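Quick notes on the structure that follows.
The values are calculated or read from the model by the stated rules, or taken from the named source; none is laboratory data. Owing to the predicted nature of the structure, the values given are computational and were not obtained by experimental measurement. Using ideal geometry, Cβ is built from the backbone for each residue, glycine included, and neighbour counts are taken over all protein chains shown. For accessibility, only protein heavy atoms count, side chains too; no ligands or nucleic acids. Shrake-Rupley method; radii C 1.70, N 1.55, O 1.52, S 1.80 Å.
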Amino acid sequence: MAKRRKVGNLMALAVLSALVQRPMHPYQMASVLREHGKDQNMKIKWGSLYTVVQNLEKHGLIEATESTRQGGRPERTVYGITAAGRAELTDWVRELLATPEQEQSRFTAALSVMAVLSPAESADLLAQRLAALEKGLAARRAALAEAAREVPRLFLVEEEYELAVAEAEVGFVRGLLGELTSGTFPGQADWQVFSETGVVPPELAELMERGLHPQQP
């Protein structure tokens, strides 16, 4: 089970990882995180940056090291990571690497209620998704290969993982689409009846009433 963090927003993880490099003021943090593509690796709401920084300071995970001013611009506070912050960062990364978590997606949500569409429409939409996924997959492979020429693999493993996940999704969607277009998807005839009449076939009614679903271990 995931630990309850003093500052549990993943933006905090990103900020701590940036400050390991050197002290920065919030504007610099945002620039570094964008340059490193952290907003692609985790859900980051840029509007919460200053709040996260304040909370990290409040809990002693970072500290103000100096204040700078350039011309007539507002004073900027530079923050550095504390020993407690380094300990929190490494402990957090260990937990995230070792502990699987159920991550819900919009696609999972759509699949869970796909029965409201007809098999044919579902197949058409999945074909659209497959085409978009395959196009994106080709672009990601090319981008990763290009980056690997100059960037050490240590700093690309998250891209490798995302690529593997994307490849798995392509395989799943292609397989599901193949079943729907060939008519071999189990229960497809009953699904078609439901789509045409709005009446749940007896074979499915009991299962839907019971809410049959695989139990998570």
*Please check the chain for the longest run free of GluC sites (Glu not before Pro) that are loop-located per DSSP (anything but H, G, I, E, B) and have at most 12 other Cβ atoms within 10 Å.*
1-74
*asked:* Leaving out ligands, DNA and RNA, and with a 1.4 Å probe, what % of the accessible surface on the stretch 32-176 is carbon or sulfur?
replied: 54
*Work out which helices of the chain, taken as complete DSSP H runs, extend at least 15 Å along their axis over the Cα atoms and score a mean Kyte-Doolittle of -0.5 or more, then list them.*
83-98, 119-148, 157-182
*Compare Tyr50, Tyr79 by solvent-accessible area with a 1.4 Å probe and give them largest first, with all protein chains kept in place.*
Tyr50, Tyr79
*Accessible area per residue, 1.4 Å probe, Å², for the chain: what's the number?*
68
*So what's the net charge close to Leu97: Lys and Arg +1, Asp and Glu -1, counting the other residues with Cβ under 12 Å from its Cβ?*
-3
_Can you give me the solvent accessible area of Lys38 with a 1.4 Å probe, rounded to the nearest 10 Å²?_
50
*So what is the relative contact order of the chain, in percent, for Cα pairs below 8 Å that sit 6 or more residues apart?*
16
*Near Lys6, which lysines are there with a Cα under 18 Å away, not counting those fewer than 8 places off in the same chain?*
Lys58
*Computed from these coordinates, which is semi-axes √(5λ) of the Cα gyration tensor in Å: (1) 30, 20, 18; (2) 46, 22, 16; (3) 33, 22, 17?*
(2)
